[in-house]
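Okay, structure first, notes after.
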Amino acid sequence: MIQHPAYAVDPWSVRETELNLDVLAQAGSAFALANGHIGLRGNLDEGEPAGLPGTYLNGLYEQRPLPYAEAGYGYPEAGQTAVNVTNGKIIRLLVDDEPFDVRFGELHSHERILDFRAGVLHRRAEWSSPAGKRVRVSSVRMVSFVQRAVAAILYEVESLDAAARLVVQSELVANEPMPPADDDPRAAAELGAALRPEQFYDHDARVVLVHVTKKSALRMAAAMDHLVAGPPGTETATESSRDLGRVTITADVQPGERLRVVKLLAYGWSSQRSTAALGDQVTGALAEARHTGWDGLLAGQRGYLDDFWERGDVELEGDAELQQAVRFALFHTLQSSARGERRAIPAKGLTGPGYDGHSFWDTETFVLPVLTYTAPHAAADALRWRHATLGLARERARLLGFKGAAFPWRTIDGQECSGYWPAGTAAFHIDADIADAVGRYQAAADDPAFERDTGLELLVETARLWRSLGHHDARGRFRIDGVTGPDEYSAVADNNVYTNLMAQRNLRLAAEAVERHADRAARLGVDAEETAAWHDAAQAMLIPFDEQLGVHPQAEGFTEHQPWDFEHTAPDQYPLLLHFPYVDLYRKQVVKQADLVLALHLRGDAFSDEAKVRNFAYYEALTVRDSSLSACTQAVIAAEVGQLELAYDYFAEAALMDLDNLEHNTRDGLHIASLAGAWIVAVAGFGGMRDHDGALSFRPRLPERLTRLAFGICFRERRLRVEVSHDGVRYSLRQGQPLQIIHAGETIDVSIDEPVARPIAAIVAREALRQPTGRRPARRRTSD
């Protein structure tokens, strides 16, 4: 999409200078606005053409059956799908009785701008009706970071060449029809009309609609109010019904006159609150928004984002397109989570219906590292949501015959929703991914209350799962058999290296946390014998190694499998999962996404430098990147082992995943983990940041075409700034007490008064690596 000449490269926005109906659905994802609670796809104000409509409330879902040809013990019986809730974005316009529709009349100009600093979507169009009346239509849309329940739209119409009779119809629409779903398993299930009306009422220019989902019994309310300014004689009428609320504004305008409407929206939902209480809640949110006013809402949004960018901005010089893409990625990562407040972070954020709105392991592995160091409050809230689902995870573990907690592979409310065991429940590594995120947040935030009330119990229950799932074999080694690692083209394997190393860290983190909170741990039933068992399992963890090849097999026996026939796999047969049976994929050496290579990053402390070089080369030749989660990890390790230009190519792939629609499914929502991965590449790849054992270390290096990289890190109530060039690196502290970090093995102290500069060691040039036939990443060409 971004390659189209209608999309301009700008460091602080995505700007579309003409309307292209062919990419309307994917533009709806790219121009989406959200705050972690409310999500509004970037649909046109008038609602049609829509591409793919979408309005979401985080956590609101409908249940649906999970049918099985052959049911099995422990299979989930119900799935969950995010609901397209009441649409409050719609503002229709009639000019002398003719509807403003970009498909009819003449569209003279059309521009949309997603502004990362202001946190708004601008739209400006000049249009002539079929009868020749020319008007300028402009809107500014926002979802507030400050007032969590509120979204707002400023809508203005100006007549340009003659007097015109204007009618503006501002609507709330529930159960709006959706286009048919396709056969892609990554798309969402069809729900039909999932909302049952419970209450509707209107007063003045305000409408409230309350609905409940038919099967999951989750109640939601949506409300709108309006501030209208127009020429004398402007009139307003309001009506409501079961699935529709409408405020109609009529005005006669002369050339140069303007009709101005501020539409205030409020949303809320609950599984427990009554119809009346939810109606009152959204009415109260509207009252606060009205009190704040449009200008106040804008100022609050800008202030919130100014603080975020001061903490977490990433600056790139040498590639203007990637600078834009990285800020786009950071903006959407923040939007997916900022005000989620103990809700999950879906794989698509709140930008589209893909994956049914489910959250997966990539929240903890890719998104939370970004939030931990740029918006730590959001990382803590996401982990508190996991903690809130512990009861369900314990029940799941008991059902499977294990102790501790077995967290779901995919879910909205904590119930397992994966109907495919090998690539779902068997991926127990999600427990260790959660524990890893807890350990990272605790080390970075130094938050004793969080560790005591949330982190400790998560670590204890996940450690219990590993001790129950694994066993000591006859040689004393601790084995974890029959599990699936991150690579979904290998399943139900023994001793997956990533899983075992992450479980090892999980066990150690739990034992250390118990020592710090002995009284609280005792109340959880932890005793000395149990922590000793965790220590023993961690110490004896089996990490397979192929002595003949000198690499780690992804799991036991993997390097002995038959290699996939890449030479005879056609380009249009990727992704392989859509063209080949899993029974073929599972028994071959082919890697969907970084697995062992992800271990090289997250557990880099467990590998020597030489082992990283050899392992990366081996798995680079097998990895087809049929997952959007792969490129960022391959970039990080490519940079570490000296393959800087390859890392740069993967960086572009991760950052441009949605702007360039590389997976051909951006229409269903953005790939939030891949976008978060763009930050990870910049900071962990080219910044060389690692956080093993809670210590911050850096080993920066830049590819030739990037001339400067700068980024911010929040760490233990400090704000660190790192600036990298080809000549050296400068560490400076912008806030907080002096901080000790490690640069290329050297321990240094940084303070506000004393920044530290160091040279960057020369990188040893290495021979280019090979990828599977036809799967080499696109060579990066800068746009400067």
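Coordinate-derived values only; no laboratory data. Keep in mind it's a predicted model, so treat the numbers as computed, not measured. Cβ coordinates were reconstructed from backbone atoms using ideal geometry, including for glycine residues, and neighbour counts include every protein chain displayed.
The table below gives the values:
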| quantity | calculated |
| --- | --- |
| Volume per residue of the C-alpha convex hull in the chain, rounded to whole Å³ | 163 |
| Residues of type lysines that Lys348 reaches as a straight line, Cα spacing below 29 Å, ignoring anything fewer than 8 places off in the same chain | Lys89, Lys214, Lys215, Lys263, Lys592 |
| Using a Förster distance of 56 Å, the FRET efficiency for Phe545-Gln735 (Cβ separation, nearest 0.05) | 0.80 |
| Rh by Kirkwood over Cα pairs, then Stokes-Einstein D for region 1-153 at 1.306 mPa s and 10 °C, µm²/s | 91 |
| Quotient of Cα Rg and 2.2 N^0.38 Å for region 431-516, N being how many residues it contains | 1.16 |
| Dipole moment magnitude, nearest 20 debye, the chain about Cα centre, only Lys, Arg, Asp, Glu C-beta charged | 940 |
| Nitroxide proxy distance, nm - points 7 Å out along Cα→Cβ at Ala765 and Glu106 | 5.9 |
| Rh by Kirkwood over Cα pairs, then Stokes-Einstein D for region 517-586 at 0.890 mPa s and 25 °C, µm²/s | 146 |
| Region 1-50 - Rg and Dmax from Cα coordinates, angstrom | 11.6, 34 |
| Cα-centred dipole magnitude for region 193-348, charges only on beta-carbon of K, R (+1) and D, E (-1), debye, nearest 20 | 960 |
| Per residue Cα convex hull volume in Å³ - calculated over region 643-784 | 150 |
| Computed lengthening from Thr707 to Arg516, 0.36 nm per intervening residue step minus Cα-Cα distance | 64.3 nm |
| FRET efficiency, Glu98 to His692 (Cβ-Cβ, R0 56 Å, nearest 0.05) | 0.30 |
| Viscosity 1.567 mPa s, 4 °C: Kirkwood-radius Stokes-Einstein D of region 364-496 over Cα pairs, µm²/s | 85 |
| Within region 542-568, backbone nitrogen closer than 18 Å to the virtual label 7 Å beyond the Cα of Ala621 toward Cβ | 546-555, 557-568 |
| Separation of alpha-carbon centers, region 454-528 and region 563-606, rounded to whole Å | 26 |
| Distance between modelled label sites at Phe580 and Ala71, nm, 7 Å Cα→Cβ extension | 3.5 |
| Gyration tensor (Cα) of region 228-298, equivalent ellipsoid semi-axes in angstrom | 30, 17, 8 |
| Scattering curve values for region 66-182, log₁₀ I(q)/I(0), Debye with Cα scatterers, q = 0.09, 0.11, 0.17, 0.22 Å⁻¹ | -0.41, -0.55, -0.99, -1.29 |
| Simple label model, 7 Å out from Cα along Cβ direction - Ala532 to Asp727, nm | 6.0 |
| For region 186-343, average projected area of the Cα convex hull in nm² | 14.5 |
| Residue-wise HN-Hα coupling along region 208-217, computed from phi with Karplus coefficients 6.51, -1.76, 1.60 (Hz; x: Gly, Pro) | 10, 10, 10, 10, 9, 5, 6, 10, 7, 6 |
| For q = 0.25, 0.26, 0.29, 0.33 Å⁻¹, Debye-computed log10 I/I(0) when each Cα of region 367-415 counts as one equal scatterer | -0.85, -0.88, -0.97, -1.09 |
| Region 727-784: Rg to Rh, with Rh as the Kirkwood radius over Cα pairs | 1.21 |
